[in-house]
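The values are calculated or read from the model by the stated rules, or taken from the named source; none is laboratory data. Remember, it's a predicted structure, so these values are computed and weren't measured experimentally. Using ideal geometry, Cβ is built from the backbone for each residue, glycine included, and neighbour counts are taken over all protein chains shown. Heavy atoms of the whole protein, side chains included, go into the accessibility calculation; ligands, DNA and RNA do not. Shrake-Rupley method; radii C 1.70, N 1.55, O 1.52, S 1.80 Å.
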Amino acid sequence: MTAGVSAQSAGREERVPDAYARAGVNLAARSELVERIKKVASRASRPEVLGGVGPFGAMFKLAEYREPVLVSSTDGVGTKLRIAQIMGRYDTVGQDLVNHCVNDILTSGAHPLFFLDYIGSSDLADERKLEIIDGMARACQAHGCALIGGETADMPDVYASGDFDLVGFIVGVVESEHVVDPSRVREGDVMLALPASGLHTNGYSLVRKIFDIGTGGDIEADRAALQKTYPPLEEPLGEALLAVHRSYYADLKPVLTQLHGIAHITGGGITDNMPRVLPEGLAARFELGSWRVPPLFSLIQERGGISDDEMYHTFNMGLGIVVIVAAEEAESIGQQLREAKPVGRIVKQTDERRVIIG
């Protein structure tokens, strides 16, 4: 009897992995992928990382700080992923994810420490996953940030074939005395802006609807639309839409302690993001014409018949990040931020508007 049970158990052990693979989860392939991910992630590490990628929980030994404040953020890339999928380009969205998260914690003056990711799909090929992770590793390495761990989840019947989701989580640190505190913002302060590299990671659902891309139609027609160059663009639409979300960490790092406020212009555009760094009773007045709105936004507005208000409420309109500085320091800080342009001032709020563009 015992021998019979053992033989039955042994047979079951041989069959179960194949059954799981037939259900859509190949454990052997996953183990191999993890080993390949470890090699990619090892390029983006720091001395404070303990154990590397692999343990159930990633460990990071915080270096010596007097009064450290940890700053964290989590975000995704939105439906920009659909553009990447249609174009068969997976090398940029990982960079988008890291750069977006770095910019978010940068608004508090934080320096990035470590980053984790989540990739969920039903049948995304391992090579595509590695392209995504390689992009994340390159972006982390550029920021001195450790790619400390993550999750690649195979979820058949949850994600449609070819679809995938991508989420990032970042932790950074700043000394308590150096936290960028918007309570310092005063009437008369100057706003300096650094240009965006494109749409960054917001507004893609609207753009896809306008151009009828990735909405359930024929993928070859979608690809053809993305390969077309629409005046006034000087490159194919797909290339313009996949432009990597710019990071502003290297630009702002030398002047962080001089800034009164930092707004990362993401979802909600200029209209929704500026009030997040304004004390009560103050508003941000932007001077139209003080910066160049890239032609991609003009194309979107014209083809979609979108009002000015909605454009500024949805897109960055060419301003990737806006910093608020004391008026007397605006010129010297502007000289250090070579691409920065003065785009307006902080004024007293006189009506319900927290942002005035005009």
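Can you go through Leu199, Leu256 and tell me which one is in a helix (DSSP H, G or I), modelled with pLDDT of 95 or more and surrounded by 17 or more Cβ atoms within 10 Å (Cβ to Cβ)?
Matching residue, one of Leu199, Leu256: Leu256.
Find the residue count for segment 309-344, including only residues that are outside any strand (DSSP E or B) and either open to solvent by 60 Å² or more (accessible area, probe 1.4 Å) or basic (Lys, Arg) (or both).
Count: 10.
Taking the condition of being within 16 Å of the chain's Cα centre (by Cα) and open to solvent by less than 40 Å² (accessible area, probe 1.4 Å), how many residues in segment 134-145 meet it? Give the derivation first.
To start, the set of residues in segment 134-145 that are within 16 Å of the chain's Cα centre (by Cα) comprises 134-143, 145.
Then drop every residue that is not open to solvent by less than 40 Å² (accessible area, probe 1.4 Å), which leaves 135-137, 139-140, 143, 145.
Residues meeting the conditions: 7.
If the Cβ limit is 8 Å and pairs must be 6+ apart or interchain, which residue in segment 345-358 that is in contact (Cβ under 8 Å) with a residue 40 or more places away in the chain and at positive phi pairs with which residue that is of a type outside the set (D, E, K, R) and in a loop (DSSP other than H, G, I, E, B)?
Within 8 Å, the pairs are Gly358/Leu288.
Would you pick out the residues in segment 101-116 that are under 19 Å from Arg246 (Cβ atoms) and open to solvent by 40 Å² or more (accessible area, probe 1.4 Å)? Can you show your working first?
First, pick out the residues of segment 101-116 that are under 19 Å from Arg246 (Cβ atoms): 101-112, 115.
Once the filter is applied, which keeps residues that are under 19 Å from Arg246 (Cβ atoms) and open to solvent by 40 Å² or more (accessible area, probe 1.4 Å), segment 101-116 yields only His111.
Kindly list, by first and then second residue, each pair from a residue in segment 208-220 that is charged (D, E, K, R) to a residue that is assigned to a loop (DSSP other than H, G, I, E, B) and open to solvent by less than 40 Å² (accessible area, probe 1.4 Å), limited to pairs with Cβ atoms under 7 Å and residues at least 6 apart or on different chains.
Close Cβ pairs (under 7 Å, with a partner that is assigned to a loop (DSSP other than H, G, I, E, B) and open to solvent by less than 40 Å² (accessible area, probe 1.4 Å)) amount to Arg208/Gly214.
Scan segment 60-91 residue by residue and report those that are in contact (Cβ under 8 Å) with a residue 40 or more places away in the chain, over 26 Å from Asp163 (Cα atoms) and not small (Gly, Ala, Ser).
Listed by number, the residues that qualify are Phe60, Leu62, Tyr65, Arg66, Glu67, Pro68, Val69, Leu70, Val71.
Every residue, every condition in (1) in a strand (DSSP E or B); (2) open to solvent by less than 20 Å² (accessible area, probe 1.4 Å), yes or no:
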{"position": "Tyr118", "(1), (2)": "yes, no"}
{"position": "Ile132", "(1), (2)": "no, yes"}
{"position": "Leu147", "(1), (2)": "yes, yes"}
{"position": "Ser161", "(1), (2)": "no, no"}
{"position": "Arg186", "(1), (2)": "no, no"}
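Pick out the one residue from Leu337, Leu296 that is in contact (Cβ under 8 Å) with a residue 60 or more places away in the chain and either over 22 Å from Leu241 (Cβ atoms) or of a type in the set (D, E, K, R) (or both).
Working: Leu296 fails: either over 22 Å from Leu241 (Cβ atoms) or of a type in the set (D, E, K, R) (or both).
None of the others qualify; the one that does is Leu337.
Scan segment 163-184 residue by residue and report those that are open to solvent by 20 Å² or more (accessible area, probe 1.4 Å) and in a loop (DSSP other than H, G, I, E, B).
Asp163, Val179, Asp181
Which residues, taken from segment 262-281, are open to solvent by 20 Å² or more (accessible area, probe 1.4 Å) and either farther than 20 Å from Asp351 by Cβ or not small (Gly, Ala, Ser) (or both)? Give the derivation first.
Just the residues of segment 262-281 that are open to solvent by 20 Å² or more (accessible area, probe 1.4 Å), to begin with: 267, 271-272, 275-276, 279-281.
Matches in segment 262-281: Gly267, Thr271, Asp272, Pro275, Arg276, Pro279, Glu280.
Determine, yes or no, whether Ile265 is touching a helix residue (DSSP H, G or I) at 6+ places or on another chain (Cβ under 6 Å) and closer than 21 Å to Ile324 by Cα.
Working: touching a helix residue (DSSP H, G or I) at 6+ places or on another chain (Cβ under 6 Å): yes; closer than 21 Å to Ile324 by Cα: yes.
The answer is yes for Ile265.
Among the residues that make up segment 233-251, is at least one of them among the hydrophobic types (A, V, I, L, M, F, W, C) and either in a strand (DSSP E or B) or on the phi > 0 side of the Ramachandran plot (or both)?
Within segment 233-251, the subset among the hydrophobic types (A, V, I, L, M, F, W, C) is 233, 237, 240-244, 250.
Among the residues that remain, those that are also either in a strand (DSSP E or B) or on the phi > 0 side of the Ramachandran plot (or both) are: none.
Checked segment 233-251: no residue is among the hydrophobic types (A, V, I, L, M, F, W, C) and either in a strand (DSSP E or B) or on the phi > 0 side of the Ramachandran plot (or both).
Kindly indicate whether any position in segment 299-308 is at pLDDT 95 or above, part of a helix (DSSP H, G or I) and within 18 Å of Asp351 (Cα to Cα).
The answer is no, given that none of the residues of segment 299-308 is at pLDDT 95 or above, part of a helix (DSSP H, G or I) and within 18 Å of Asp351 (Cα to Cα).
Would you mind finding the one in Ser31, Ser108, Ser122, Ser42 that is of a type in the set (Ser, Thr, Tyr) and in contact with a Phe, Trp or Tyr (Cβ under 8 Å, 6 or more places away or on another chain)? Give the steps one after another, and end with the answer.
Working: Ser31 fails: in contact with a Phe, Trp or Tyr (Cβ under 8 Å, 6 or more places away or on another chain); Ser108 fails: in contact with a Phe, Trp or Tyr (Cβ under 8 Å, 6 or more places away or on another chain); Ser42 fails: in contact with a Phe, Trp or Tyr (Cβ under 8 Å, 6 or more places away or on another chain).
It is Ser122.
Identify, please: which residue in segment 79-100 is open to solvent by 10 Å² or more (accessible area, probe 1.4 Å) and within 8 Å of the chain's Cα centre (by Cα) and is, among those, farthest from Gly214 (Cα to Cα)?
Taking the candidates together, the pick is Asn99.
For segment 37-78, how many residues are buried (at least 18 other Cβ atoms within 10 Å of the Cβ) and assigned to a loop (DSSP other than H, G, I, E, B)?
Count: 6.
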